[in-house]
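The values are calculated or read from the model by the stated rules, or taken from the named source; none is laboratory data. Being a predicted model, the structure only gives us computed values, none of them experimental. Methodologically, a virtual Cβ is constructed for each residue, glycine included, from the backbone with ideal geometry; neighbour enumeration extends over all protein chains shown.
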Amino acid sequence: MLARRTVTSVRALRATRLLSTRAADILSSLDIPTSVELPGVYDGNWVGNGDIMESVCPTTGEVLARVKTASPEELQHALIKSREAYRFFRTVPAPRRGEILRQIRQALSDKRDALGALVSLEMGKIRTEGVGEVQEFVDICDYAVGLSRMMNGNVVSSERPGHTILEVPNPLGVVAVLSAFNFPVAVYGWNLALSMAAGNATLWKPSPSTPLCSIAVTKIVAGVLEKNGIPGAVAGLVTGGKDVGEAVVESRDVDMVSFTGSEAIGRIVGKTVQSRFGKILLELGGNNASVVMPDADLSVAVPSVFFGSIGTAGQRCTSTRRLYLHRKIASEFLELLQKMYGSIRVGDPLVSSTLLGPLHNTTGVNIFTDAVKHLRDSEANILTGGSRYSETPFDKGNFVQPTIAIPKSVDPTDKIWSTETFAPVLCAAVFDELEEAIEWNNAVPQGLSSSLWTRDLRNMGKWIGPSGSDTGIVNVNVGTSGAEIGAAFGGNKSTGWGRESGGDAWKQYVRWSACTINFSDEAPLAQGVDFSV
Ligand code: NAD
């Protein structure tokens, strides 16, 4: 399944190194050269003279490309170009910005399958999820096209006669988007679409391990901007590692930082941006629970938990990591779930029948291995999984067995429950009362997603109400994972309180002014203050 046929075409033979056809076909379908080091900076022109970064395929270990990242000078130049682009773009009427987004949407849609395959190749998620991620970008563009005619302010009644108050949204400036490896296309899409509709210049610093996705997307977006005579730096790109990320975050030329990543890095980024009074949007780690009541429809709940915990090999911020089962159905549920785990088709994520691909990198494998060791050391009952897939054809990739464990301790503040294990490890516990499960659900630092499985309206009311789940996404009979773009997406507590995508998320990408206008012949003060001489 993971065979790597070597390229025999003349083009590839001329190349300095041979790339598998598996990879070469995808890269060439997106006009990404396979024989050269790729420039990883776009500010209207493609450049790159910083460190060389390798894109490594998580499935085969093959080096897919070498990318020239941003040098410190190139980063500063990109920031200047972003500022210039913003000054231009803020004067373009919002509906016209919407029209450009409509064209971006079309260009992305035309390349949806190729781009989805690239996500699968470089990140490691299965192809249907890779394509779904691109579809999410397409969807948010549709949303932003409409939004571009609806980014309305407010008219507020004034207490002073002959006065009116307007709340006015204006473009904000330069928005930097720092993104994580697990959604190498969609997270940028959510941000770019809203930021562009709002009239900003957006500068993307993607994950260092998914540079090809960011180059491919930027090429598509840049093509549309160019056709419309819009400066390329409206949607700039600076690839690089921690140094580039730090420099972007510290820069006073960046008005807003939208950061998606781990809680540990988010804490640093949040403090840095706050210390210079920049705007910050944080989308950090999740540690999501499903709670299953005795009246749940298990024919729906079990497959949903299966997808929630195994989908994207457990590398979604919304993956189901904790499973709280009512005592009455616990054994039956676990038996059914284990049966599904036993049927998982592991392999090359590009093959359509595969449901479980590799972890993205060796860091992920170490996270998995450490978690399993901790479970074993603390005498957890490991029901299934617990090892790597190390035999051929999995030996070159980062394949691990999806794991279900029943930890000895049910204390949700115990490390195994309270930290996000970014791998397919699901921990289960048994409860007797819904209140107990809600308490466990809420006892962890993170607050991204949660779901309750029940047919009882009373349980549902409790779950979504003031004494219910404290996460940003609170589902009923829907898994923790797989949100749509229409609702604001994000989490509470150590997930960072950020909201992206739908709802009121756009309001963060503008600067708001309260404008009081006096059209009378008097100048009264508010609250009846008398300052007459
Ligand atoms: P990460 O925190 O390691 O990296 C995220 C980004 O931060 C990368 O672009 C990285 O280069 C950059 N970075 C690293 N150090 C930096 C520094 N000191 N200053 C500035 N930037 C720096 O995260 P990851 O491993 O790529 O992604 C996985 C994490 O992301 C998980 O915790 C997952 O839950 C989270 N995530 C959250 C959401 C959400 O919407 N809540 C979505 C996707 C992923």
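When the residues of the range 473-508 are narrowed to those that are closer than 25 Å to L203 by Cβ and among the acidic types (D, E), which ends up surrounded by the most Cβ atoms within 10 Å (Cβ to Cβ)? Spell out the reasoning first.
As a first pass, look at the range 473-508 and keep what is closer than 25 Å to L203 by Cβ: 485, 488-491, 495-508.
Pick out the ones that are also among the acidic types (D, E) and you get 500, 504.
On the way: E500: 25, D504: 8.
Applying the filter and picking the extreme gives E500.
Looking only at the range 292-325, count how many residues are touching a strand residue (DSSP E or B) at 6+ places or on another chain (Cβ under 7 Å) and either part of a helix (DSSP H, G or I) or in the same structural domain as T260 (by the TED database) (or both).
The number of residues fulfilling the criteria is 7.
Among V92, V67, V138, which is the only one that is without any contact (Cβ under 8 Å) to a residue 60 or more places away in the chain and aliphatic (A, V, I, L, M)?
Details: V92 fails: without any contact (Cβ under 8 Å) to a residue 60 or more places away in the chain; V67 fails: without any contact (Cβ under 8 Å) to a residue 60 or more places away in the chain.
After ruling out the rest, the residue left standing is V138.
Can you find, within the range 427-438, the residue that is nearest to E263 (Cα to Cα) among those that are touching a Phe, Trp or Tyr at 6+ places or on another chain (Cβ under 9 Å) and of a type outside the set (F, W, Y)?
At the first step, the residues of the range 427-438 found to be touching a Phe, Trp or Tyr at 6+ places or on another chain (Cβ under 9 Å) are 427-431, 434, 436-438.
This time we only want the ones that are of a type outside the set (F, W, Y), so: 427-430, 434, 436-438.
Working: C427: 20, A428: 23, A429: 25, V430: 28, L434: 29, E436: 26, A437: 24, I438: 23 Å.
For the range 427-438, the residue satisfying everything is C427.
Taking the stated definitions as given, is E246 of a type in the set (D, E), under 12 Å from G44 (Cα atoms) and assigned to a helix (DSSP H, G or I)? Even if it seems obvious, please write down each step before you answer.
Numbers: of a type in the set (D, E): yes; under 12 Å from G44 (Cα atoms): no; assigned to a helix (DSSP H, G or I): yes.
No, not satisfied.
Does D470 count as within 23 Å of R267 (Cβ to Cβ) and either within 31 Å of the chain's Cα centre (by Cα) or within 16 Å of the ligand (Cβ to nearest atom) (or both)? Walk me through how you get there before you give the answer.
Values: within 23 Å of R267 (Cβ to Cβ): yes; either within 31 Å of the chain's Cα centre (by Cα) or within 16 Å of the ligand (Cβ to nearest atom) (or both): yes.
The answer is yes for D470.
Collect the residues in the range 96-139 that are among the hydrophobic types (A, V, I, L, M, F, W, C), surrounded by fewer than 24 Cβ atoms within 10 Å (Cβ to Cβ) and within 19 Å of E484 (Cα to Cα), keeping them in residue-number order.
Answer for the range 96-139, where residues must be among the hydrophobic types (A, V, I, L, M, F, W, C), surrounded by fewer than 24 Cβ atoms within 10 Å (Cβ to Cβ) and within 19 Å of E484 (Cα to Cα): L108, V131, V138.
For the range 406-416, which positions are under 25 Å from E335 (Cα atoms), touching a helix residue (DSSP H, G or I) at 6+ places or on another chain (Cβ under 8 Å) and either loosely packed, with under 15 Cβ neighbours inside 10 Å or not aliphatic (A, V, I, L, M) (or both)?
Matches in the range 406-416: P407, S409, D411, P412.
Which condition does V217 not pass, out of (1) touching a helix residue (DSSP H, G or I) at 6+ places or on another chain (Cβ under 6 Å); (2) within 15 Å of the ligand (Cβ to nearest atom); (3) of a type in the set (V, I, T), if it passes all the others?
Result: V217 fails condition (1) only.
Evaluate the range 136-153: report whether one residue or more is under 15 Å from the mean Cα position of the chain (by Cα) and within 13 Å of the ligand (Cβ to nearest atom).
Checked against the condition, which is being under 15 Å from the mean Cα position of the chain (by Cα) and within 13 Å of the ligand (Cβ to nearest atom), the range 136-153 yields at least one hit.
Conditions (1) under 21 Å from T362 (Cα atoms); (2) buried (at least 22 other Cβ atoms within 10 Å of the Cβ); (3) touching a residue at least 12 places away in the same chain (Cβ under 8 Å), marked per residue:
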position: G236; (1), (2), (3): no, yes, yes
position: G278; (1), (2), (3): no, no, yes
position: G285; (1), (2), (3): yes, yes, yes
position: A301; (1), (2), (3): no, yes, yes
position: S309; (1), (2), (3): yes, yes, yes
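Give just the number: which of (1) assigned to a helix (DSSP H, G or I); (2) in the same structural domain as A78 (by the TED database); (3) buried (at least 16 other Cβ atoms within 10 Å of the Cβ) does F259 not satisfy?
(1)
Among the residues of the range 37-56, is there at least one that is in a helix (DSSP H, G or I), of a type outside the set (S, T, Y), modelled with pLDDT of 95 or more and touching a Ser or Thr at 6+ places or on another chain (Cβ under 7 Å)? It would help to see each step written out before you state the result.
Step one: filter the range 37-56 for residues in a helix (DSSP H, G or I), giving none.
No, the range 37-56 contains no residue that is in a helix (DSSP H, G or I), of a type outside the set (S, T, Y), modelled with pLDDT of 95 or more and touching a Ser or Thr at 6+ places or on another chain (Cβ under 7 Å).
Of the residues that make up the range 509-517, is at least one surrounded by 23 or more Cβ atoms within 10 Å (Cβ to Cβ), closer than 25 Å to V300 by Cβ and at pLDDT 95 or above? Break it down stepwise before answering.
Kept after step one, since they are surrounded by 23 or more Cβ atoms within 10 Å (Cβ to Cβ), are these residues of the range 509-517: 509.
Next, only the ones that are closer than 25 Å to V300 by Cβ stay: none.
No.
Within 24 Å of the chain's Cα centre (by Cα), hydrophobic (A, V, I, L, M, F, W, C), closer than 30 Å to T60 by Cβ and within 16 Å of the ligand (Cβ to nearest atom) - does that describe any residue in the range 344-355?
No, the range 344-355 contains no residue that is within 24 Å of the chain's Cα centre (by Cα), hydrophobic (A, V, I, L, M, F, W, C), closer than 30 Å to T60 by Cβ and within 16 Å of the ligand (Cβ to nearest atom).
Are there any pairs with C-beta distances below 6 angstrom linking a residue in the range 97-109 that is within 19 Å of G232 (Cβ to Cβ) to a residue that is part of a helix (DSSP H, G or I) and of a type in the set (F, W, Y), with the two at least 6 apart or on different chains, and if so which?
The qualifying pairs are L108/F137.
So S532 passes all but one of these: (1) modelled with pLDDT of 95 or more; (2) in a loop (DSSP other than H, G, I, E, B); (3) of a type in the set (S, T, N, Q). Which condition number does it fail?
S532 satisfies all of (1) modelled with pLDDT of 95 or more; (2) in a loop (DSSP other than H, G, I, E, B); (3) of a type in the set (S, T, N, Q) except (1).
Here is a check on your reading of the model: is F431 surrounded by fewer than 14 Cβ atoms within 10 Å (Cβ to Cβ) and modelled with pLDDT of 95 or more? Lay out the reasoning, then the answer.
Details: surrounded by fewer than 14 Cβ atoms within 10 Å (Cβ to Cβ): no; modelled with pLDDT of 95 or more: yes.
In short, no.
Assuming E226 fulfils every condition listed in (1) closer than 26 Å to F88 by Cβ; (2) assigned to a loop (DSSP other than H, G, I, E, B); (3) of a type in the set (D, E) apart from one, which condition is it?
Condition not satisfied by E226: (2).
Can you tell me which of S209, S195 is within 9 Å of the ligand (Cβ to nearest atom) and either outside any helix (DSSP H, G or I) or small (G, A, S) (or both)?
Numbers: S195 fails: within 9 Å of the ligand (Cβ to nearest atom).
The unique qualifying residue is S209.
For A264, all conditions in the list (1) closer than 24 Å to I416 by Cα; (2) assigned to a loop (DSSP other than H, G, I, E, B) hold save one; what is the number of the exception?
Result: A264 passes all but (2).
Could you please let me know if T239 is polar (S, T, N, Q), within 15 Å of the ligand (Cβ to nearest atom) and over 30 Å from S353 (Cβ atoms)?
Working: polar (S, T, N, Q): yes; within 15 Å of the ligand (Cβ to nearest atom): yes; over 30 Å from S353 (Cβ atoms): yes.
Yes: the conditions hold for T239.
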